[in-house]
Amino acid sequence: MTLEDEFCDIIKKARFGQAKGLAEMVDLSGIPQSDLEELEKGHRPPTKAELHSLSQALHLRFHALLSVSLEGWVPQPQPAWTTENHLVLTVKGDIGGYEVKGYLLCDPNTKQALMIDTGYNAPAMLSAIHDHGLTLVGVCLTHGHTDHAGGLDQILAAHPVPVYLGNGDFDLLPWKPPAASLKIPTDHHMIAAGELTVECLSTPGHTPGGYCFLTSRKGQGLCFVGDTLFAGSVGRSNPASLYDTHLHSVRQTVLKLPNETVLFPGHGPATSVEEEHKHNPFA
């Protein structure tokens, strides 16, 4: 198991989000520009002193940054209950060698399912729906980027269901669904899939209209977080001016969920609220 982001990714996301140039970073951190460039390119790991200086300059949590950068932390394996009776099916896709994940959330009793992102792999999604005898009742898009919405046209051709997408992300879609299919949720809007109820959580930041999708099964919570959060990191804020909004979504929405809530990102391994409180430098 490997994390989605390395140290170089984390510091670049923080620096760009805060609009700090390299010259300013030299002044703030005391690290020579040539060393900063090396670190951002991932040519070498940071020293503990460099890590401490950069965490202060970029307002990142030092001990969390230490754990993901130098101590080899990875989250605990995905809990077994999330896959029992095919509750959550993970579909992996690939875009330019970059792995992306989509999910099917399935009610074990009725076999109704919601798709959370396409995983950029419509054929595998359609096969999973067929092979498990599922009835698709909706597609929930965490955001409109191609790697999460690509193939939507193929999916709707086979299953003409509503598409839930946050306000502000329509123009990001690589293919625009018919107006009659598009549903723009409000914060805390509820969607039913058989006996499951999914709550739409507005989490702008990675994109203007980002959403996470929260549900529970027998009192155990799980949340599909797209690129709002990765294990030990966050997605890039697009545009960078949304960085503060993005951190607010992470800290005040996702990480306010109960500690035991399992988090399913669009890239990288599953994690939990508890582990992200301990190990996410942006928390």
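Readers should treat all values here as calculations from the given coordinates under stated rules, not as data from a laboratory. For clarity, every value in this text was computed on a predicted model and none was experimentally measured. Positions of Cβ are backbone-derived with ideal geometry, glycine not excepted, and every protein chain shown enters the neighbour counts.
Some values worked out for this structure:
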| item | result |
| --- | --- |
| Cut-off of 10 Å, at most 16 other beta carbons, DSSP loop: longest stretch of the chain lacking such trypsin sites (Lys or Arg not before Pro) | 112-217 |
| Point-charge dipole on Cβ atoms (K/R +1, D/E -1) for segment 33-192, about Cα centre, debye to 20 | 300 |
| Segment 245-269 residues near the modelled residue 19 label - backbone nitrogen below 20 Å, point 7 Å along Cα→Cβ | 245-249 |
| Straight-distance crosslink candidates among lysines, where the alpha carbon sits under 18 Å from residue 92 and sequence neighbours closer than 8 are dropped | 101 |
| For segment 210-283 and segment 22-101, distance of Cα centres in Å | 15 |
| For segment 53-136: Kirkwood Rh in Å [reciprocal of mean 1/r, alpha carbons] | 15.4 |
| Angle in degrees between helix 122-131 and the longest Cα principal axis of the chain, rounded to the nearest 10 | 50 |
| Within the chain, percent of DSSP bridges classed antiparallel, to nearest 5 | 70 |
| Segment 7-69 shape via C-alpha gyration tensor axes, a/c threshold 1.5 | rounded |
| Ranked 134, 229, 172, criterion: other C-beta atoms within 10 Å, fewest first | 172, 134, 229 |
| Computed helical MRE - 222 nm, the chain, DSSP H runs ≥ 4 contributing -39500 (n - 2.57), nearest 500 | -8000 deg cm²/dmol |
| 20 Å Cα-Cα reach of residue 13 towards lysines, excluding residues that sit fewer than 8 places from it in its own chain | 41, 48, 278 |
| Cα pair distances of the chain binned at 10 Å [whole percent] | 7, 30, 34, 20, 8, 2, 0 |
| In nm, spacing of pseudo-spin labels at residue 52 and residue 180 (7 Å Cα→C-beta vector) | 6.5 |
| Two-site label geometry, residue 63 and residue 218: point separation in nm, points 7 Å out along Cα→Cβ | 3.4 |
| Prolate/oblate/rounded call for segment 1-115, Cα gyration tensor, a/c under 1.5 rounded | prolate |
| Cα shape, segment 142-256, gyration tensor, a/c 1.5 rule | oblate |
| Residues 115, 25, 190 arranged by fewest to most Cβ contacts within 10 Å | 190, 25, 115 |
| Cut-off under 5 Å, modelled amide H: who pairs with residue 95 long-range | 100 |
